[in-house]
1. Taking H placed 1.01 Å from N in the peptide plane, check which residues at least 5 places from Asp28 or on another chain put their amide H under 5 Å from its amide H.
2. Between the DSSP loop rule and a limit of at most 15 other Cβ atoms within 10 Å, which chymotrypsin sites (Phe, Trp or Tyr not before Pro) in the range 1-110 are left?
3. Among 166-177, 122-133, what's the highest-first ranking by average C-beta atoms within 10 angstrom per residue?
4. Wrap a convex hull around the Cα atoms of the range 156-237, take a quarter of its surface area, and give that in square nanometres.
5. Which of the peptides 212-225, 151-164 is most tightly packed, and how do the rest follow, judged by the mean count of other Cβ atoms within 10 Å per residue?
Amino acid sequence: MIYIFTLIILFVLELIYLKIADRFNIIDKPNERSSHTKVTIRGAGIIFYIASVIYFVTNDFEYPWFFLGLTLLTYISFLDDIRGVHPTARLAVHLASVLLMVYQFGVFNYPWYYLVLAFVFTIGVINAYNFMDGINGMTACCTLVMGGLLLYVNTKINYIEQDFLIYTLLGVVVFGFFNFRKKAACFAGDVGPAVLSFMLLFALGKLILKTGDFTYILFLSVYGIEIGWSVARRVYQGYHIFEPHRTFLLHMLSNEVGYNSLLVSLGYGLAQLALGASVIYIVQFGASVQWSFAIVALAGLSAFYLIWKQYIFNNYYIKGEERYAIRHRRLRKLKARRSKKAYLIPEVKLTQEVKIIDMPRKENSEDLLRSGVRSL
C-alpha cells in the first residue's frame, strides 16, 4: 500500500513540476541535431531525485554519504537544465559526487589504481546515460529493465535495501507515463540521466562488492557498445567527442531510417533484458565460462552494431555528417571507376551497311629487318 501511495505522490509532484517548468520556461527547443520538432519541457527527471528523498527519509536516512553526493549531482545537473553550467564546474561536482559514493562503499583501503578506474568508469557512465537519452522512452525502458534485473538479483543475494530499488523504479514509472509517447510531454533533461545512472551505479557497485563478480558490469553493455564505438568513430574521423551530434544508432534508426522511436526504445530494452538474463544465468559458472561469455557477447553485439550502422551511413543522409558523406561518396566513385573501367569505354554499334575492312598486320622490327636483308 505504501508503494501505491508513493506512486500517487510522485505523479502529483511531476504534474506540479510540469506547470512550474512551463511557467518559468524550462524548455528544450529543437535544433538541427534534435529528434523532436516542437518545444518540450525539460528537467522532468528531477522526479528521480524526489523518489530518492522519499526513500532516504522513510528509511532512517540510510546511505548518507551517497545521498549527499546524489544531492550535489542533482543540483549541478538541474542548474545545467535551467541556465547552463561551465563544463569544468560540472566535472568538479561529478568528481566530488563520485568521491562521496566511493566513501560510502568504504573501499579507500583498495589500491589507488582501483579507485582511479572507479572514478573514470563512474563519470563515463553518467555521461553515457546522458548521451543515450536522445529519443522518447529510451531512458524509461532501459532503466526499468536494468532496475528490474538488479531487483531480481537482490531477492537472491540481498546486497542492498530492496526499497532503494523499488522507489527508484517508481520514479521511472511516473516519468515514463509522460515520456513514453510518440509526442513526449517532457524530457528528463540533464538531471534525469545523471541521477538515474548514479543510483544504478551505486546499486551495481554494492552488488559487485558483495559477490566479487565483475560479470554484472555486462548489465551496462548495450549502452557501452553504443557509446564506445560511437566515440571511437568520431575520434578516428577527427570530430570533437563532446560536440553534440546525432550519429548514435538509436538516433539514426529513429530519425533517418524512420522507425518509431518507441519501438527503438523497446528494442534496446529487450536487448538489455536478454543480455541481463544471460548474465544472471552465467554467473553461477566458473571464471573461464564467464570470460568466454563476455567475449562472445561483446563481439556479437559489436559486429551487429557496426554492420547495421555502416549500412545506414551508406544508404541514408545523416544531418551533421556532410564531411563524412562527401568523403564516402568520393571513395565509392573511385572504387566504381577502378572496378568498372571497361564500362567507361564508349561502345560502337555497327549496322549492316558498314563494311568491315581487314587492315594489314602491323610489321614489327624483326620483319622490317628481314625485308631489308633480302633487298640487299
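Here, each number is a calculation from the coordinates, and none is a lab measurement. Note that the structure is a prediction, hence the values are computed from the model and not measured. Glycine also receives a Cβ, built like all others from the backbone with ideal geometry; neighbour counts cover every protein chain displayed.
1. Thr40, Ile41, Arg42
2. On the way: sites: Tyr3, Phe5, Phe11, Tyr17, Phe24, Phe48, Tyr49, Tyr55, Phe56, Phe61, Trp65, Phe66, Phe67, Tyr75, Phe78, Tyr103, Phe105, Phe108; in loops: Phe24, Phe61, Phe108.
Qualifying residues, ordered by number: Phe24, Phe61, Phe108.
3. Working: 166-177: 22.3, 122-133: 20.3.
Ranking the peptides 166-177, 122-133 by packing returns 166-177, 122-133.
4. Numbers: hull surface 30.3 nm².
Over all viewing directions, the range 156-237 projects a mean Cα-hull area of 7.6 nm².
5. Numbers: 212-225: 18.1, 151-164: 15.5.
Put in order of decreasing packing, that is 212-225, 151-164.
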